[in-house]
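Notes follow the structure.
The values are calculated or read from the model by the stated rules, or taken from the named source; none is laboratory data. Computed from a predicted model, the values in this text were never measured in an experiment. Cβ placement follows ideal geometry from the backbone for every residue including glycine, while neighbour counts extend to all protein chains displayed.
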Amino acid sequence: MVESDHSSKVGARTYSYYPGCSLHGTAAEYDISTQLVCQKLGIELRELEEWVCCGASAAHSTDHLLSLALPAHTLKQAEEKGLPLAVPCAMCFSRLRTTIHEIKNKDTLNLVNSAIGKELGEPVAVESMLQMLADESISLPVTKPLNGLKVACYYGCLLARPPEVVGIDDAENPQTMERLLVRLGAEAIDWGLKTTCCGAGVAFPRLDIVLKLSHRLLSLAQKSGADCVAVACPMCHANLDMYQKDMIAKFGQKTKLPVIYFTQLMGLALGFSPKELLLDKHLTDPLPMLREKELA
Amino acid sequence: MGEDFTQQIRDKAKELLENGAVECVIGYETGSDGVSARPAFIYDAAEVDRLAFDNTCTHNLVKYLLDKKGKSTAVVVKGCDSRALNLLLSERQIQRDKVYVIGVVCPGVVEWGWNKRSEQLQKRCNWCRQHTPVVSDFAVGEPITEEPPAEFADVAEMATKTAEDRATFWRDQAERCIRCYACRQACPGCYCIDCFVELLDPEWVGIRIAPDENWMWNTIRAYHLGGRCISCNECERVCPVNIPLSLLNRKLEQEVLDLFDYKAGMSEDAPAPLITFKKDENLGIAE
Amino acid sequence: MSEDNSPLVIGFLCNWCSYAGADMAGTSRQAYPPNIRIMRVPCSGRVDPLLIVKCFEEGADAVLVAGCHPGDCHYTEGNYHGRRRFALLRDLLDFMGIEKERFRIEWISASEGKRFAKVVSEFTDEMTKLGPRKVG
Amino acid sequence: MSRIGVFVCHCGTNIGGIVNVPEVVEAAKAMPLVAYADENKYTCSEVGQGSIRDAIREQKLDRVVVAACSPRMHENTFRKTVATAGLNPYLLEIANLREHCSWVHSDSKKATAKAIDHVRMAVAKVARHESLFPKQVGLTKRALVIGGGITGIQAALDIASAGHEVVLVEKEPSVGGRMSQLDKTFPTLDCSACILTPKMVDVAQHPNITLLSYSEVKEVRGFVGNFEVDILKKAKMVDHKTCTGCGTCWQKCPEKVTSEFDLGLGQRTAIYIPFAQAVPNKPVIDMENCRYQKYLKWTQTEEGKKPPECRICEKLCPTKSIAWEQQEEIVTEKFGALVVATGFKTFDHSVYGEYGAGRYPDVISSLQLERLMSAAGPTEGEVLRPSDNTHPKNIVFIQCVGSRDDKVGRPYCSKVCCMYTAKHAIMLKEHDPEVQCYVFYIDIRAGGKDFEEFARRAQDESGAVYLRGRVSQIYQDGKTLKVLGEDSLIGRPVEIDADLVVLATGMEASEDADRLAQTLHISYNIYNFLIEAHPKLRPVETQTDGVFVAGAAVGPRDIPDCVAHGSAAAAKVIGLLSQDSLTTDPLTAIVAPMKCVGCFACKAVCPFNAIEEQTTRDGRIIASVNESLCKGCGLCVVACRPGAINLRGFTNQQLLSEVMTLVRR
């Protein structure tokens, strides 16, 4: 855990931080790279002390009230802190935003309040890490521009849909990540499956579906000339990164395509080393490609 | 202030009457109580010395031009009275070439008193923003250019009351109204041959002197002056039962200013707000 | 107020748009409360402030004037003039103690039957909540 | 003392089902001045009208109230009824007990109370009615048709063949409208140009028709029989009197621009005719792109060097018809009747992000496919992929693009897409037997003569695969378009590698149809389709007498219906113009000379300049009403503080008596 001084002084950009379970587990590299990038950009992240699980797909597929009450706990804490909430994981972000959307209905609000035993006030602003870092007003002190790196930006479903809840710029053809990476010197390729499903949690019961869907994404990205795929969601990263061996076996996909968190790419551009950014933790090793591009 | 203005008016009246430019000069003369001014109609140059001007000259003499249609007449007007000229010109009740305007820059008139001169300036002079006549052929006195901004404290104060209190307030005023129509007679804007209140077919108001009827009379009289009232406040002065008509007039004056950015009587050819429109204006209704 | 003190709403509807919209509400069976009594006028510009003040003088609870959307008037400018008159009248009546909400102006086109029903329902409910006119 | 008769209608159960009609009749009998009250099952029927006539004679009634359906339905019917019984037709008032009462209220007690109030108001108003006498006004026996598509052409030809003069105004350089862009037409597959072009030529050559192409209606004044219309004739920069249409100029013009007629798939020159069979077959110059115009407009400040002067067309024109000094011109003409046939435009499918939002060149609209299949089209009839001009094998059609879709605000069905897609499937198979068509649809709607058989033929004979389901996404994968959809009949997702995707875009009102409707004072709905007087009984008339509407401008419609609509509108116009004079509506304003103070507020508000100035014997200048211009809006009456001007039919007395009987009950 990177210690950041919890000085009470509220800087220009101070956010409550909600990492979620993945970033304290399999997606540690997303958490570390996010914190390093924010530190570099003078953005203070104050992790909520008692955040709880956002319920993910487990809750909302079993009990509607539970799927709202869990995020409500986190919203209540963020409300008490009074700071805007930055959320790197797409699933947590989607659950928090959906809850805010649902409690606009008075009856739902009362149900949730009674479930968590607290009164929810005016919710704080909840922003995905991508939306927050892509803000044009943030100056990016790029020391090692990602020249020559062709990136296929992948949003998956939760960052893009439903548009009125997540507030994405264009639900079918978003450009938020592209604009950010271009500012870092990279080249964003135009491809058609940015927001098409990667298979998400179906990997456990029906791995074949995930392989089919994820393979389709990766092969199109490869065919479109991408050197790597940038993601902003632990689930997408898992499905696209972990099973490339099986895809080669099943579909005869020629070469592997590295899948990197957009915050790791930002870290590289801002001068952090691949080691600090835990780029060596991916199953599809991005380092050979990055060394060839003199970025590692 | 009085002596110099009076002399200028007398000289001009004498000149106009002698060279036949006008048949009559309408001005002020000292009334029978020896103090308060009253309207004077001078037809003969020899009588010009009756004319006088001081801070009791409260009447709006423009009203009398309505009886002088077609006859060339001179009239003494203060700043507020002069706006009535533009009103009647734009509504084709008088012709500019038949009226010689003696425009007096007015420092303010005092409350109406009997045989003793009051020192109390009238309400209308406190909120006056038109000391200098907007129309004049012969100017008397130094024009005053900087005018204070419009303020409507009295209207704002009434607006703070609850709807019920306002309704009660106006019902009580209506109860006191005796339908003498003095306000209508004093107002230059009222020149209808048959006023709506006296019609029996359609019987809009009816002749019963009762609170409801009186309420409707006061409401419609004010509405008919909407965008036309030049706030000379003579209606309130002449009201025998002291109904605060200025409140109604000034509420409408404020609304007309806010909604249509219009001030009555400022020019002869600007159409009154209720007989014109702008296609894309947003008046905050039916949005 | 009628007997069971539910509010009496007097509606002046312009023949070309709102009256046709009310007809459309009928043909598509869009129910709304029966408090409104509808008078047909050629144009919202024909609704005389004298009539509206007369309604309130005689104790009516609420008046609705409905005309064509600006730009759609069959006579080109009728609703533009009406809009100015009603804006001024509404402020004057409010100043004299008749709450602004009691005098409502709506633009309803010939094809907005459903909207007419919604407006009348909303207006009637609002007036029921507001209760009878209170004069001390 | 008046003797008023009140006739309350059951209208079958429409009124009687909710409103207690006998109770209303009893209440009516007790109302002041009511001498007779009765009820009818159907007052508008022959029996019902007969009972009114008999009652007027037997009871010596001098005024009648009919409490039934909306006055907008049968006011004229009952005016004729009372007239035949010798009563002035305007001594009648209708109380609306159906649309405004029984059809919208379920509580019988309250509905009956409301019905009684409405009758009370009608009785109070009719008591103040006076006899009114319409006037005869002359009419101009000329008609204006706005829109030169097939509907407008048909209407113009029919009116002209009845001997009346017609002016046909068309915004584009040529008549023909959307139909001229089609290749074949369903269900007969005959060639669109072959059946359309002869009619276009007829319009140009008909002695009674004046064709004003490249022109627009700017303003309309007046009323039925006496319309005055300002028509803007845009500057063509070519003198069509001397020009022979030889074609030298548009063959030699160096400036190539994307052709609007070919929907961006082809090019045209700056001086151009939109398509080969254009009528008039004479060019216009596109001011935006003509090199000489750019040369004239170039100023020192713009970077780059001065563009060439060009003027090649002028040099080569054998008849010296290029007229640079030509200015746009507004001509004002008088007409007795107007027909609006402004047609439709296709839905702009770029709002669909899931279909590529217009980014993929091989995702085209059906109308663009028509241009590709048309022998006069940019590819001379060869269906080629716009991206690489190769022959497509797998062609996917997606139905209901911009129709039956609330998400894009187009919930209505555009009626023709299922048929033209079937036509495309059949024609494409004939063009190239190896083609395989897929059609994603929700429901196939083929309701018309030979339509279902035609749609069946696309599946059975042309082998088109119809997949019932919507397409979730299209993305470009190298050269092919991956179409991800669903076949809901087998409940499985479907993925097709398509060479070409055709979107069956729906029909929308044409560009700024709402502005034109406002100019003509006719109403239009939220999709800007024009609103007809009655959807079933008066489909080609509007609420404004003398203004008729026809074709796709009123709603989605195929060619046979449009032609029928055009002829129907023409029949209405011919009926109108066959009269020598028109009876005007007597509901106009009237001035009481003794009350007028000459402030002319009435003149300031009158939209129709119907107020004139008149000098009385005692020298006062007062207002007077020109009754042939007055349309009866009543604005003057409200502007008149002394109440010197009144509106017949809606007098101050009548409206006040309605209010008083209501508030004092």
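Tell me, which helices (runs of 4 or more DSSP H) wholly within the range D:364-475 include 3 or more residues that are touching a Lys or Arg at 6+ places or on another chain (Cβ under 8 Å)? Break it down stepwise before answering.
Values: elements: D:366-373, D:417-431, D:451-460.
In the range D:364-475, the matching helices (runs of 4 or more DSSP H) lie at D:417-431.
Does the range A:220-250 hold any residues that are in a helix (DSSP H, G or I) and of a type in the set (S, T, N, Q), and which are they?
So the first thing to find is which residues in the range A:220-250 are in a helix (DSSP H, G or I), and the list is A:220-223, A:234-242, A:244-250.
Of everything in the range A:220-250, those that are in a helix (DSSP H, G or I) and of a type in the set (S, T, N, Q) turn out to be A:Q222, A:N239, A:Q244.
Could you list, in sequence order, all residues of the range D:472-514 that are within 11 Å of chain A (Cβ to nearest Cβ) and in contact with a Leu (Cβ under 8 Å, 6 or more places away or on another chain)?
D:S472, D:Q473, D:I474, D:Y475, D:D477, D:L481, D:P493, D:E495
Looking at the range B:248-274, which of its residues are of a type in the set (A, V, I, L, M, F, W, C) and either surrounded by 21 or more Cβ atoms within 10 Å (Cβ to Cβ) or facing chain C (nearest Cβ under 8 Å) (or both)?
Those that are of a type in the set (A, V, I, L, M, F, W, C) and either surrounded by 21 or more Cβ atoms within 10 Å (Cβ to Cβ) or facing chain C (nearest Cβ under 8 Å) (or both): B:L248, B:L252, B:V256, B:L259, B:F260, B:A264, B:A272, B:L274.
Consider B:L257 carefully, then state whether it is assigned to a helix (DSSP H, G or I) and of a type in the set (A, V, I, L, M). Break it down into steps so the answer makes sense when it comes.
Numbers: assigned to a helix (DSSP H, G or I): yes; of a type in the set (A, V, I, L, M): yes.
When the stated conditions are applied, B:L257 passes them.
Looking at D:L97, is it of a type outside the set (D, E, K, R), assigned by TED's automatic domain parsing to the domain that holds D:V220 and either touching a Ser or Thr at 6+ places or on another chain (Cβ under 6 Å) or surrounded by 21 or more Cβ atoms within 10 Å (Cβ to Cβ) (or both)?
no
Does D:R664 satisfy the condition of being of a type in the set (K, R), within 9 Å of another protein chain (Cβ to nearest Cβ) and farther than 25 Å from B:R184 by Cβ?
yes
Within the range B:12-34, how many residues are without any contact (Cβ under 8 Å) to a residue 60 or more places away in the chain and more than 16 Å from B:V77 (Cα to Cα)?
10
This table checks each residue for (1) at pLDDT 95 or above; (2) out of contact with any Cys (no Cβ under 9 Å at 6 or more places or on another chain).
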position	(1), (2)
D:F223	no, yes
D:V229	yes, yes
D:K234	yes, yes
D:K241	no, yes
D:G245	no, yes
D:W250	no, no
D:C253	no, no
D:G264	no, yes
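Condition (residue is touching a residue at least 12 places away in the same chain (Cβ under 8 Å) and over 23 Å from C:R85 (Cα atoms)) applied to the range D:631-653: is it met by at least one residue?
no
Of the conditions (1) crowded, with 19+ Cβ neighbours inside 10 Å; (2) under 20 Å from the mean Cα position of the chain (by Cα), A:P84 satisfies every one except a single condition; which number is it?
Of the numbered conditions (1) crowded, with 19+ Cβ neighbours inside 10 Å; (2) under 20 Å from the mean Cα position of the chain (by Cα), the odd one out for A:P84 is (1).
Do you know which of the residues in the range B:205-224 that are small (G, A, S) and over 18 Å from D:N652 (Cα atoms) is nearest to the other protein chains (Cβ to nearest Cβ)? Spell out the reasoning first.
Initial filter on the range B:205-224 (small (G, A, S)): B:206, B:210, B:222.
Next, from what is left, pick out any that are over 18 Å from D:N652 (Cα atoms): B:210, B:222.
Numbers: B:A210: 11, B:A222: 7 Å.
Filtering the range B:205-224 for residues that are small (G, A, S) and over 18 Å from D:N652 (Cα atoms), the one nearest to the other protein chains (Cβ to nearest Cβ) comes out as B:A222.
Determine which single condition A:A152 fails, assuming it passes every other condition in (1) on the phi < 0 side of the Ramachandran plot; (2) of a type outside the set (K, R); (3) assigned to a loop (DSSP other than H, G, I, E, B); (4) touching a residue at least 40 places away in the same chain (Cβ under 8 Å).
With (1) on the phi < 0 side of the Ramachandran plot; (2) of a type outside the set (K, R); (3) assigned to a loop (DSSP other than H, G, I, E, B); (4) touching a residue at least 40 places away in the same chain (Cβ under 8 Å) applied to A:A152, the lone miss is (3).
Take the residues in the range A:131-161 that are charged (D, E, K, R) and under 29 Å from A:S219 (Cα atoms); name whichever of them is modelled with the highest pLDDT. Walk me through how you get there before you give the answer.
Just the residues of the range A:131-161 that are charged (D, E, K, R), to begin with: A:135-136, A:144, A:150, A:161.
After this cut, where a residue has to be under 29 Å from A:S219 (Cα atoms) as well, the list is A:144, A:150, A:161.
On the way: A:K144: 92, A:K150: 95, A:R161: 91.
For the range A:131-161, the residue satisfying everything is A:K150.
Within the range D:102-155, track down each residue that is among the aliphatic types (A, V, I, L, M) and surrounded by fewer than 19 Cβ atoms within 10 Å (Cβ to Cβ).
D:L132, D:V137
One residue is enough: does the range D:257-264 have a residue meeting the conditions buried (at least 17 other Cβ atoms within 10 Å of the Cβ) and of a type in the set (G, A, S)?
Yes.
Just to be sure, is A:T108 surrounded by fewer than 22 Cβ atoms within 10 Å (Cβ to Cβ) and outside any helix (DSSP H, G or I)?
Working: surrounded by fewer than 22 Cβ atoms within 10 Å (Cβ to Cβ): yes; outside any helix (DSSP H, G or I): no.
Against the criterion (surrounded by fewer than 22 Cβ atoms within 10 Å (Cβ to Cβ) and outside any helix (DSSP H, G or I)), A:T108 does not qualify.
Is it fair to say A:K106 is without any contact (Cβ under 8 Å) to a residue 40 or more places away in the chain, away from chain D (no Cβ under 14 Å) and over 24 Å from A:W191 (Cα atoms)?
So A:K106 fits the description; yes.
Can you find a residue that is within 14 Å of another protein chain (Cβ to nearest Cβ) and under 19 Å from B:R228 (Cβ atoms) anywhere in the range B:152-159?
Filtering the range B:152-159 down to residues within 14 Å of another protein chain (Cβ to nearest Cβ) leaves B:152, B:154-159.
Right, trim to under 19 Å from B:R228 (Cβ atoms) and you get B:152, B:155.
For the range B:152-159, residues within 14 Å of another protein chain (Cβ to nearest Cβ) and under 19 Å from B:R228 (Cβ atoms): present.
So, in the range D:518-533, of the ones that are modelled with pLDDT under 90 and not in a loop (DSSP other than H, G, I, E, B), which residue ends up nearest to the other protein chains (Cβ to nearest Cβ)?
Selected residue: D:Q518.
Can you pull out every residue in the range D:197-206 that is surrounded by fewer than 23 Cβ atoms within 10 Å (Cβ to Cβ) and in contact (Cβ under 8 Å) with a residue 40 or more places away in the chain?
Within the range D:197-206, D:T197, D:K199, D:V201, D:D202, D:A204, D:H206 meet the criteria.
Taking the range D:77-108 only, how many residues are free of Cβ contacts under 8 Å to residues at least 60 places away in the same chain and outside any loop (DSSP other than H, G, I, E, B)?
Taking the range D:77-108 as the starting set, the residues that turn out to be free of Cβ contacts under 8 Å to residues at least 60 places away in the same chain are D:77-89, D:91-96, D:99-100, D:104, D:107.
Checking the rest, the ones that are also outside any loop (DSSP other than H, G, I, E, B) come to D:77-84, D:92-96, D:99-100.
Within the range D:77-108, residues that are free of Cβ contacts under 8 Å to residues at least 60 places away in the same chain and outside any loop (DSSP other than H, G, I, E, B) number 15.
State all residues of the range B:35-45 that are in a strand (DSSP E or B) and in contact (Cβ under 8 Å) with a residue 24 or more places away in the chain; if no residue qualifies, say none.
B:P39, B:I42
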